[in-house]
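Working notes for the structure below.
The values are calculated or read from the model by the stated rules, or taken from the named source; none is laboratory data. Since this is a predicted model, take the numbers as computed values, not measurements. We place every Cβ from the backbone using ideal geometry, glycine too, and count neighbours over all the protein chains shown.
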Amino acid sequence: MPADGGNDKQRQLDQYRVREDGTRYTTDQGTGVEDTDNSLSVGDRGPTLLEDFHLREKITRFDHERIPERVVHARGSGAYGEFQVYESLSELTCADFLSDPSLVTPTFVRFSTVAGERGSSDTVRDVRGFATKFYTRQGNYDLVGNNFPVFPIQDGIKFLDFVHSVKPEPRNQIPQAQSAHDTLWDFVQLQPETMHFIMWLMSDRSIPRSYRMMQGFGVHTFRFVNAQGKGTFVKFHWRPKLGTYSLVWDEVLRLQGNDPDFNRRDLWDTIERGDFPEYELCVQLVAEEDEHKFDFDLLDSSKIIPEEEVPLRPIGTMVLNRNPQNFFAETEQVAFCTANIVPGIDFTNDPLLQARNFSYLDTQITRLGGPNHQQIPINRPIAPVHNDHRDGFHQHMIHDSDTAYSKNSIGGGCPATAADTGNMEGVFRHYQEQVSGEVIRRRSPSFKDHYSQATLFWNSMAGWEKTHIVNAFLFELGHVERRSIKEKVVERLVNVDGDLARQVAQGLGFPPPDATVPNHGRSSPALSMDDQPRSVATRQIAVLVGDQSDSGVVGPVLEALRGRGAICDVIAPHEGTAATFEVDKQLSAATSVLYDAVLAAGGQDLVPDGYAVQFVREAFKHGKAIGVLPGAEPLLEAANLPGRQGVVDGGAGDDFAQRFAEAVAAHRHWDRDVAAFPA
Ligand code: HDD
C-alpha cells in the first residue's frame, strides 16, 4: 500500500520512510561508492587492504544486523489499523479515544506465538499474542493481550518458571515451539493453577485458522476511570467480525512443513487484497461495589467472567488496513508495554499485571539497546513528549534547553506539570484506591479454586471440541517420556471431569481413575466455537482443474464463488493453462491444507494423479467442504470417501455455487466420522 499518510501516525512515519528509487550508492557517511563488488587489494591477486573503509563498513554493518529476539512472543506479524468508538463512553472513562465517536485513532497490532523462536512455524499449539498499540492524542495506550482470556499462572513471579518449562529443554534445545515435552507437563502437574489455561491450550483455540478469525482478550481486570474519578472494573475483548475458527491438529502438523508462514501470509495477503480484517472491541463492566459478588476473584488472571453473567458490550471497531513496509523497522522494533496507559484507564492489583508493568519496559532495554527505544518511529507517540529525560544510547533528539530538571526557573519552569500550571486537563491521574494490609509473601486464599472454571470450559464444549481436547492430551502426553508425570496429569484431570480423565487414562494405558470429584454441571455456551458467524468471504478454495475440464461448467461457478468474496485458486497438474483457465498452482506445489475447501472440477484426466486424489481425501479428513462439478465424479470415486457429509454435488451454475458457498462458510463438517479414515 502506498505511503499515503492516511492518519496522524502514518504522517509521522512518512518522515522516516526511505526509498532508493533513482538514488546512487553511498557509504553510511553519504560518500559516493565506485564499486561495491570488489575489495581494495594490492594488484589483481594481492592482499586486501585494511584501508578499505567501504569493505570494513559493509562487513561491520552485516555483523551487527541481528538484535536479540523477544524472550517470549519472538515469532510475530504486524499490521496497521484504525480504531473508532461507537459512542462516547465518557460516563465511564475520560480516555479521549473512547469519548469521541468522530475520532479515528491509529493503531498497530502485532500477533504472535509465544514459545517458538523468531523463525519457527506459525501453526503450532500455543497461545497467540494480540497486542495493540493505540496512538491516542493523550499518549500511547497498549492493550497487550492474548487469544486466551486466561493465563497459566496467577502471579508474575512465576513467569520465568512457566516460560522455562515450555521453552525447548536446556540440555539440547528440543523441542522447538512445542508444548509436548516433559518439562512443560512437569510444571503443569505441580501447579494446579495452570489447569484452566491447559484446557484452552488443549482445545482448538490454540491452533487458529487465521489471525483474522481469532478473539483477543486483555485478560486482566482493568479499571475505567471517569472525569469525576469514579472507577468501573473492565475486561477487554476483541471479537473478529469473521467469527472464531480453528484448524485441526493433523492439518497443523502438515502445514508446518508446507507453509510455516501460514498465518503470517494469510494476514499479509488479505490486507494487500483490500479484505481488511475487522475486530469489534467489547467490554465487560463490573461496578466497584460488585467486586466481591463472584465466586472467583476479579484479580485472578486464571479466571474469566462468564459472558452469561456479565454480557459483552460492543464499544468500537478496529480495521487493519495497511501492511508494514519494513518488517524489522516496524514489526520487530515495536515495543509494547502494559504500563503504557492513558487517562481514563488504570490498573488493578492483579499480581500478574503488576509484574508485567515492570517487565515490558525492562526487556526492551536489552532487546532494543537502551532507554531511547520509545524514539524509534513505530514506538513514537503522536502526542508531544516533553520531560527531563536525557542522553542514553541512540539519543535521537537534540534537546535545545538550558535545563534538564524540574522545577527550574532558568528554563521558564518548563516543561511545566499540571500541578505547576493548575490545568489538569488531559493529565493522567491515578485512581485513588484505598489499600492497607501486612507485608506478606502469600497467594491470596481467594485465588485457590483452580478447577471450577476448567470444568466450566469442558462442559461448554461441543462433542467435536471434546474429542479434539482428548486427542490433544493424548498427543501431548504421548510425547512425555516420564510416566510419573503423565500419571500425575491424569490425577489433576480427575478434578476437571471424570469422563475426560478416564478417556485420557485409557489412551495412556493407565487404569481408569476413580472419579470422586463431582462435575458442577455449569456451562458457558459462549466458550464454544460451535456457533460462529458464517461467511464464504475470504475463504480459500482450491479448484482442481484438468485439461479435460468443461470450461462452460467450471467458469460460471468460479465467477459466482468469486462474486461472493471467496478466493479461488486454479490448481492443475501443470502450470500454464488447463482447459481455458490460467493455472495458479501446479498440483505438486499445492496441498489441501493450504485451503478451506476443495472444488473438484477436473475430469477423468485427474484420476491417475495421486496428488489430486490425496487432495480430496485429506480435505475430507480435515472436515472441509468438497464441491463436485459434473465430470469430476471419477476423482471422487478414486478418493473412496467414507461418507458424503459436506460434499456438495448435483448440478452447476449459481444454485450449485450457493450450496457450495454455504458448505464452505460452515468451516468444517464435524458430523463426518473420519477417525478410521487414513487420508
Ligand atoms: Fe507478556 C511479550 C501477552 C504475561 C513478560 N506478552 C508479550 C507479548 C504479548 C504478551 C502479546 C508480545 C508483544 C509483542 O508483540 O511485542 N503476557 C501477555 C499476556 C499475559 C502476559 C496476555 C498475561 C495476561 N508477560 C506476562 C508476564 C510477564 C510477561 C506475567 C512477566 C512478568 N511479555 C513479557 C515480556 C515480553 C512479553 C518478557 C517479551 C517481549 C516483550 O515483552 O516485549 O516482557
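Do the conditions hold for Q548, that is, is it more than 29 Å from the chain's Cα centre (by Cα) and assigned to a loop (DSSP other than H, G, I, E, B)?
The answer is yes for Q548.
For the stretch 397-412, the condition holds for no residue, the condition being that it is of a type outside the set (K, R) and not in a loop (DSSP other than H, G, I, E, B). Selection over the stretch 476-505 of residues that are closer than 24 Å to L456 by Cβ and in a helix (DSSP H, G or I) gives a count of 17. Restricting V480, V494, V470, V489 to those that are of a type in the set (A, V, I, L, M, F, W, C), touching a Pro at 6+ places or on another chain (Cβ under 9 Å) and at pLDDT 95 or above reduces the list to V494. Residues of the stretch 358-377 that are crowded, with 16+ Cβ neighbours inside 10 Å, more than 8 Å from the ligand (Cβ to nearest atom) and assigned to a helix (DSSP H, G or I): L361, P371, N372, H373, Q374. Got at least one residue in the stretch 205-223 being in contact with a Cys (Cβ under 9 Å, 6 or more places away or on another chain), modelled with pLDDT of 95 or more and within 16 Å of the ligand (Cβ to nearest atom)? No, because not a single residue in the stretch 205-223 is in contact with a Cys (Cβ under 9 Å, 6 or more places away or on another chain), modelled with pLDDT of 95 or more and within 16 Å of the ligand (Cβ to nearest atom).
If a residue must be small (G, A, S) and over 13 Å from N495 (Cβ atoms), how many such residues does the stretch 443-462 contain? Don't jump to the end; show me each part of the working.
Narrowing the stretch 443-462 to residues small (G, A, S): 444, 446, 452, 454, 460, 462.
Filter once more, so that each one left must be over 13 Å from N495 (Cβ atoms): 444, 446, 460, 462.
Adding up the residues that qualify gives 4.
Put simply, of T132, T123 the only residue that is touching a residue at least 12 places away in the same chain (Cβ under 8 Å), within 15 Å of the ligand (Cβ to nearest atom) and either under 29 Å from D266 (Cβ atoms) or of a type in the set (D, E) (or both) is T132.
Being among the hydroxyl-bearing types (S, T, Y) and surrounded by 15 or more Cβ atoms within 10 Å (Cβ to Cβ) is a condition met by at least one residue of the stretch 71-81. Checked against (1) within 22 Å of R534 (Cβ to Cβ); (2) in a loop (DSSP other than H, G, I, E, B), F660 passes all but condition (2).
Evaluated against (1) surrounded by fewer than 22 Cβ atoms within 10 Å (Cβ to Cβ); (2) touching a Leu at 6+ places or on another chain (Cβ under 9 Å), V283 falls short on exactly one condition, (1).
Residue check: is F151 more than 9 Å from the ligand (Cβ to nearest atom), assigned by TED's automatic domain parsing to the domain that holds F336 and buried (at least 24 other Cβ atoms within 10 Å of the Cβ)? No: the conditions fail for F151.
Only residues that are within 16 Å of the ligand (Cβ to nearest atom) and polar (S, T, N, Q) were counted across the stretch 41-84, and they come to 1. Residues in the stretch 314-334 that are farther than 19 Å from M213 by Cα and touching a helix residue (DSSP H, G or I) at 6+ places or on another chain (Cβ under 6 Å): P324 only. On the basis of being buried (at least 18 other Cβ atoms within 10 Å of the Cβ), at negative phi and away from the ligand (no atom under 14 Å from the Cβ), does D295 make the cut? No, not satisfied.
Within the stretch 615-654, can you find the residues that are farther than 17 Å from S549 by Cβ, surrounded by fewer than 17 Cβ atoms within 10 Å (Cβ to Cβ) and out of contact with any helix residue (DSSP H, G or I) (no Cβ under 7 Å at 6 or more places or on another chain)? Across the stretch 615-654, the qualifying residues are N640, P642, G643, R644, G650.
Listed here are the residues, each with its yes/no results for (1) of a type outside the set (S, T, N, Q); (2) in a loop (DSSP other than H, G, I, E, B).
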position: F224; (1), (2): yes, no
position: G243; (1), (2): yes, yes
position: E251; (1), (2): yes, no
position: D266; (1), (2): yes, no
position: D275; (1), (2): yes, yes
position: L281; (1), (2): yes, no
position: Q284; (1), (2): no, no
position: L299; (1), (2): yes, yes
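From the list S523, S528, S484, S460, the lone residue that is over 29 Å from the mean Cα position of the chain (by Cα) and of a type in the set (S, T, Y) is S484.
Residues that are small (G, A, S) and touching a Ser or Thr at 6+ places or on another chain (Cβ under 9 Å) were ranked within the stretch 317-354; the one that is farthest from the ligand (Cβ to nearest atom) is G344. For the stretch 89-113, filtered to residues that are among the small types (G, A, S) and closer than 20 Å to E278 by Cα, the residue that is farthest from the ligand (Cβ to nearest atom) is S102.
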